[in-house]
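Trainee: This is the structure I want to talk about, given as structure tokens.
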Amino acid sequence: MTREEYEEKQRRLEADAADAKKTLNRARAVYDGICDELRNLRIDWNEQQRAANRADEK
């Protein structure tokens, strides 16, 4: 491998790594948003069930 080949491959790999990091960060943000929605759904469900149980007890 020549120095030119080495440098070209290094540039390509660095660019690929940068792209992969951006993709990972976007995926992490989407995942975090979904986890927030799931948490809020559980909270809402639990609150609804507690309210229904209180209404049934009356």
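Trainee: Report whether or not GLU7 is open to solvent by 90 Å² or more (accessible area, probe 1.4 Å) and part of a helix (DSSP H, G or I). Talk me through it step by step, then tell me what you get.
Mentor: On the way: open to solvent by 90 Å² or more (accessible area, probe 1.4 Å): no; part of a helix (DSSP H, G or I): yes.
No; evaluated as a whole, the condition is false for this residue.
Trainee: Checking MET1 against (1) outside any helix (DSSP H, G or I); (2) open to solvent by less than 80 Å² (accessible area, probe 1.4 Å), which single condition isn't satisfied?
Mentor: (2)
The values are calculated or read from the model by the stated rules, or taken from the named source; none is laboratory data. Keep in mind that what you see is a predicted model, and the values were worked out from it rather than measured. Ligands, DNA and RNA are stripped out before the accessible areas are found, and what is left, the full protein with its side chains, is counted by its heavy atoms. Shrake-Rupley method; radii C 1.70, N 1.55, O 1.52, S 1.80 Å.
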